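Here is the structure we will look at.
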Amino acid sequence: MRSGSLPAPTAASIPVVAERRKSVHGVSLVVRGEGIPVFLMHGIGGAASSCGALAQLLSAHGYQTFCWDAPGYGESAAPTDGLDHPSVVLDILATLGVGPAHLFGTSWGGVIATTVAARAPEAVRSIVLADSTRGSGTTHDTAQRMLARVPELAAVGPESIAARRASKLVSPSAPAWVAEAVRADMASVRLSGFASAATMMAQCDTTDLLPGLRVPALVLAGQDDVITGVPESRILAEKIPGAELCIIPHAGHAAVQEKPLEMSAAILAFWDGIQ
């Protein structure tokens, strides 16, 4: 594991990159820019919009970004029973025909990225795991807590869940508009997508996969993350061979939405170092 300080973000304004929607195998993608492909995956309480600002910044630097609404999220079709999310990602990449892609995943999205890289390293240029985890299957208790969130969502609805939980995802210093964006994404979660994601997370423990990863890896963590936490990110970085770790100050679990400029600077520096 290599730890590094966060590169200073440029103060220059970022040009707006046009975006378009594309549906592949029933999965809605927000596509921006042209260049080396980057596939971005949101967390269990998010959507394509959660990664939108980061994707905009990366596309402005010459990358083609694909932000998915995971199956059952946003504009994507509901998931089928027993859906395997990593397989869906690989199917999408194969259909797009864009070649090996950088994978970015925040929280749950990082678990998917890890699994894709373990299964099909030839399809992956690198992985960036932001405020992520090995999965909820690391202990029986964490798995059960994850599964218990499904009937809770069904009983009270996403608006109620978001009102109670969203503030925990951001740093105490987060601007009100960022906290509201995180809340709005969570309030739009659909039960079908969440249940499928929670089932995957409850069954998943990537601990044994990490030492065998053979793709470049960057682990990012918000300094104020109280959901998965910096210690979990350190475990990821320590177990993945050659992984780099970068801590983002004044950011919580939703660092991708709080600090997209700082996050993009760290990612671009990482990619420059491996290309």
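The values are calculated or read from the model by the stated rules, or taken from the named source; none is laboratory data. This is a predicted model, so every value here is computed, not measured. We place every Cβ from the backbone using ideal geometry, glycine too, and count neighbours over all the protein chains shown. Heavy atoms of the whole protein, side chains included, go into the accessibility calculation; ligands, DNA and RNA do not. Shrake-Rupley method; radii C 1.70, N 1.55, O 1.52, S 1.80 Å.
Observations, loosely collected:
- For the range 78-113, the tally of residues that are aliphatic (A, V, I, L, M), more than 14 Å from Ala197 (Cα to Cα) and either without any contact (Cβ under 8 Å) to a residue 40 or more places away in the chain or open to solvent by 20 Å² or more (accessible area, probe 1.4 Å) (or both) stands at 4.
Okay, residues lined up against (1) of a type in the set (S, T, N, Q); (2) open to solvent by 30 Å² or more (accessible area, probe 1.4 Å):
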| position | (1), (2) |
| --- | --- |
| Ala123 | no, no |
| Asp131 | no, no |
| Thr138 | yes, yes |
| Pro151 | no, yes |
| Val156 | no, yes |
| Ala166 | no, no |
| Leu169 | no, no |
| Pro172 | no, yes |
| Trp177 | no, yes |
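- Filtered residues of the range 98-114 (kept if of a type in the set (Val, Ile, Thr) and within 22 Å of Met263 (Cα to Cα)): Thr106, Val111, Ile112, Thr114
- Checklist (1) more than 15 Å from Ile44 (Cα to Cα); (2) part of a loop (DSSP other than H, G, I, E, B); (3) modelled with pLDDT of 95 or more applied to Ala70, failing item: (1)
- Residue check for Gly193: touching a Ser or Thr at 6+ places or on another chain (Cβ under 8 Å), open to solvent by less than 60 Å² (accessible area, probe 1.4 Å), modelled with pLDDT of 95 or more and of a type in the set (Gly, Ala, Ser): yes
- Residue in the range 55-77 that is touching a helix residue (DSSP H, G or I) at 6+ places or on another chain (Cβ under 6 Å), surrounded by fewer than 20 Cβ atoms within 10 Å (Cβ to Cβ) and hydrophobic (A, V, I, L, M, F, W, C) present: no
- Within the range 196-228, the residues that satisfy the criterion of being surrounded by fewer than 21 Cβ atoms within 10 Å (Cβ to Cβ) and among the β-branched types (Val, Ile, Thr) are Thr199, Thr207, Val226, Ile227.
- The helices (runs of 4 or more DSSP H) found wholly in the range 201-275 and carrying at least 3 residues that are under 17 Å from Arg125 (Cα atoms) occupy 260-274.
- Positions within the range 102-153 being assigned to a loop (DSSP other than H, G, I, E, B) and touching a strand residue (DSSP E or B) at 6+ places or on another chain (Cβ under 9 Å), in sequence order: Ser107, Asp131, Ser132
- For the range 229-275, taking the residues that are surrounded by 20 or more Cβ atoms within 10 Å (Cβ to Cβ) and among the polar types (S, T, N, Q), the one that is nearest to Trp108 (Cα to Cα) is identified as Ser233.
- The range 31-63, subset free of Cβ contacts under 8 Å to residues at least 60 places away in the same chain and farther than 22 Å from Glu262 by Cβ, residue farthest from the chain's Cα centre (by Cα): Glu34
- Test for Val182: is it crowded, with 19+ Cβ neighbours inside 10 Å and closer than 15 Å to Gly110 by Cβ: no
- Residues (in contact with a Ser or Thr (Cβ under 8 Å, 6 or more places away or on another chain) and crowded, with 19+ Cβ neighbours inside 10 Å) located in the range 140-149: Ala143, Met146
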